[in-house]
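Visitor: Just passing along the structure, written as structure tokens.
The values are calculated or read from the model by the stated rules, or taken from the named source; none is laboratory data. Treat the numbers as computed from the prediction; the structure is a model and nothing was measured. Here Cβ is always computed from backbone atoms with ideal geometry, including for glycine, and neighbour counts include all displayed protein chains.
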């Protein structure tokens with residue numbers, strides 16, 4: 001933290017000297033609409049506001065996690081959250097220019113990846129980018145390059161291009177990825193996850209990927225110029241941007257990242273100053289008094305908005321220091337990556353559910369789908385196991401007596417071991433799948449109301465060969481559940497999974513599969529979406545707190561929720577795996 005402060009203090013001193021020398025003009029000249037005519041911000045003096053905002057945010061993040069320094073934050077909270085949402089913070093810190101040690105985090109992330117199946121291509125690419133940023137040489141990076149580029153629509157082409165820009169090799173070349181991204185540019189000049197109307201987030205992300213090619217590729221430069229015209233037209237009066245009709249922090253952060261990658265002087269370029277408000281003004285509109293950021297104005301602190309603000313502010317700081325784009329990682333060393341041979345097809349093939357486990361006996365990421373194996377119902381087995389332990393202990397004591405090893409200490413040790421074993425049996429609850437999935441709901445003595453839950457997959461009913469897709473699309477008819485104070489949509493889904501024997505894969509951040517029907521099974525935009533009272537909320541299922549009488553529906557969508565009733569512009573499931581304010585449930589799908 002002190003290192004970052006020293007750099008920012010130096011920038012502020014430079015500003016004061018420039019002001020004293022009259023280096024800053026009273027007004028800004030209008031830049032031409034094309035990229036080539038835009039003045040690079042790295043040639044302008046920093047105004048200190050970015051530095052101040054970045055230091056303030058870092059201070060608040062450290063305070064929130066009780067860390068005394070950035071290194072302590074990395075080794076503590078961020079390492080504990082490896083794989084579950086710390087990746088953008090780690091990439092931002094890796095690009096700060098400070099010599100932080102990421103070894104503990106790397107070990108934790110690799111452990112997470114070895115223990116969890118990550119199905120989404122863009123999510124795997126996010127993890128690979130994080131490993132590249134901290135100079136890892138783990139073969140996971142090669143595996144991702146081999147099987148992810150283009151597998152999840154435009155986002156996976158964009159993240160794949162970032163990996164290739166850093167010097168890593170893949171079966172698909174940089175020029176092929178470039179051609180694919182250019183071919184997906186819409187008539188209005190932008191890009192979108194789906195549909196024919198450009199989205200600011202996706203447009204900014206595509207520009208970030210294309211930025212390193214602009215100086216040498218006329219076609220890319222022309223495409224980016226068109227995108228900048230669109231983004232300029234889409235900028236709102238306060239300097240911020242919207243996605244799916246809702247102004248938000250993440251969209252604004254993405255555009256700041258794009259312009260910083262291009263080294264466009266967004267502070268003074270008239271295309272990106274509206275009513276005197278710059279992109280930074282637009283981003284700080286979502287800065288809460290306590291120091292974190294909210295998704296939409298007036299909302300509560302949001303993890304995704306905060307981490308994207310940190311990422312964008314670090315990009316702006318790098319731009320002012322002339323350090324290059326965020327996604328061209330300073331620590332990268334592709335030459336350290338060992339050769340990796342793709343596995344032969346047909347070996348170690350996973351089961352039909354994609355997890356490598358037998359249906360009905362495997363746990364989801366949070367263990368909710370686990371069918372516990374074991375002995376007889378109830379606790380009767382414990383008596384017999386305990387008697388067996390005592391019998392074995394008795395035989396061992398008899399053997400010692402016969403062998404004339406009759407020292408009291410020997411018998412005391414055996415008795416102690418037997419007692420511990422019996423205690424362990426008594427405290428362990430081994431259940432059969434029938435008792436685990438007992439068809440009963442937990443009793444809530446302090447219930448504050450009840451809700452109903454339905455799980456349906458009407459959009460794919462009758463399609464595919466899976467035995468787990470009901471012909472009528474109904475996985476769970478409307479069932480009533482009591483709710484306690486603070487219960488969330490996720491809590492009730494867990495109760496339903498246990499009570500009705502429903503396989504569940506995912507976490508409070510993101511549900512990737514229900515009853516062996518997974519995201520991407522029916523296309524790159526398919527997955528599970530939840531509605532409450534007929535409306536798609538804009539927060540993850542673990543964040544939505546329920547009220548008496550709420551009606552919850554889990555529905556399988558083929559188009560990020562757009563093909564379902566209750567879709568509204570602001571509900572697009574914000575993806576946690578993607579650093580965008582587009583459809584997600586993580587902080588949920590973001591890679």
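Visitor: Of the residues in the stretch 236-261, how many are modelled with pLDDT of 95 or more, within 23 Å of residue 186 (Cβ to Cβ) and surrounded by fewer than 24 Cβ atoms within 10 Å (Cβ to Cβ)?
Guide: Here the count works out to 1.
Visitor: Based on what the data block shows, is residue 182 within 24 Å of residue 214 (Cβ to Cβ) and in the same structural domain as residue 203 (by TED's automatic domain parsing)?
Guide: Working: within 24 Å of residue 214 (Cβ to Cβ): yes; in the same structural domain as residue 203 (by TED's automatic domain parsing): yes.
For residue 182, the condition - within 24 Å of residue 214 (Cβ to Cβ) and in the same structural domain as residue 203 (by TED's automatic domain parsing) - is met.
Visitor: May I pose another question? Could you check how many residues of the stretch 271-280 are touching a helix residue (DSSP H, G or I) at 6+ places or on another chain (Cβ under 9 Å) and surrounded by fewer than 24 Cβ atoms within 10 Å (Cβ to Cβ)? Give the derivation first.
Guide: First, the residues of the stretch 271-280 that are touching a helix residue (DSSP H, G or I) at 6+ places or on another chain (Cβ under 9 Å): 271-274, 278-280.
Now restrict to residues that are surrounded by fewer than 24 Cβ atoms within 10 Å (Cβ to Cβ): 271, 273-274, 278, 280.
Going through the stretch 271-280 one residue at a time, the tally reaches 5.
Visitor: Can you tell me which residue is modelled with the highest pLDDT among those in the stretch 511-521 that are in a loop (DSSP other than H, G, I, E, B) and in contact with a strand residue (DSSP E or B) (Cβ under 8 Å, 6 or more places away or on another chain)? Can you show your working first?
Guide: Here is the first cut: in the stretch 511-521, the residues in a loop (DSSP other than H, G, I, E, B) are 515-516, 519-521.
Narrowing the set further to residues that are in contact with a strand residue (DSSP E or B) (Cβ under 8 Å, 6 or more places away or on another chain) leaves 515, 519-520.
Values: 515: 89, 519: 81, 520: 79.
Only one residue tops the list, namely 515.
Visitor: From the list 79, 50, which residue is at pLDDT 95 or above, surrounded by 16 or more Cβ atoms within 10 Å (Cβ to Cβ), assigned to a helix (DSSP H, G or I) and touching a helix residue (DSSP H, G or I) at 6+ places or on another chain (Cβ under 7 Å)?
Guide: On the way: 50 fails: at pLDDT 95 or above.
Of 79, 50, the one residue that is at pLDDT 95 or above, surrounded by 16 or more Cβ atoms within 10 Å (Cβ to Cβ), assigned to a helix (DSSP H, G or I) and touching a helix residue (DSSP H, G or I) at 6+ places or on another chain (Cβ under 7 Å) is 79.
Visitor: Restrict the check to the stretch 244-263 and report whether at least one residue is over 23 Å from residue 327 (Cβ atoms) and in contact with a strand residue (DSSP E or B) (Cβ under 9 Å, 6 or more places away or on another chain).
Guide: Yes, there is a match, as at least one residue in the stretch 244-263 is over 23 Å from residue 327 (Cβ atoms) and in contact with a strand residue (DSSP E or B) (Cβ under 9 Å, 6 or more places away or on another chain).
Visitor: A follow-up question, please. If we keep just the residues of the stretch 106-126 that are surrounded by 22 or more Cβ atoms within 10 Å (Cβ to Cβ) and within 17 Å of residue 156 (Cβ to Cβ), which is modelled with the lowest pLDDT?
Guide: Once the filter is applied, the top-ranked residue is 120.
Visitor: Still on this structure: Hey, does the stretch 122-144 have a residue that's under 17 Å from the mean Cα position of the chain (by Cα), part of a loop (DSSP other than H, G, I, E, B) and either more than 22 Å from residue 338 (Cα to Cα) or assigned by TED's automatic domain parsing to the domain that holds residue 200 (or both)?
Guide: no
Visitor: Spot the failing condition for residue 56; the list is (1) surrounded by fewer than 17 Cβ atoms within 10 Å (Cβ to Cβ); (2) modelled with pLDDT of 50 or more; (3) over 24 Å from residue 325 (Cα atoms); (4) more than 20 Å from the chain's Cα centre (by Cα), and only one is missed.
Guide: (3)
Visitor: Sort out which residues of the stretch 499-510 are outside any loop (DSSP other than H, G, I, E, B) and in contact with a helix residue (DSSP H, G or I) (Cβ under 7 Å, 6 or more places away or on another chain), and write them in order of number.
Guide: 504
Visitor: Give 21, 28, 45 a once-over and let me know the one that is assigned by TED's automatic domain parsing to the domain that holds residue 329, under 22 Å from residue 270 (Cα atoms) and at pLDDT below 80.
Guide: 28
Visitor: Is it true that residue 209 is crowded, with 19+ Cβ neighbours inside 10 Å, in a loop (DSSP other than H, G, I, E, B), assigned by TED's automatic domain parsing to the domain that holds residue 176 and touching a helix residue (DSSP H, G or I) at 6+ places or on another chain (Cβ under 9 Å)?
Guide: Criteria not met by residue 209.
Visitor: What's the number of the only condition in (1) part of a helix (DSSP H, G or I); (2) out of contact with any strand residue (DSSP E or B) (no Cβ under 6 Å at 6 or more places or on another chain) that residue 492 fails to meet?
Guide: For residue 492, the failing item is (2).
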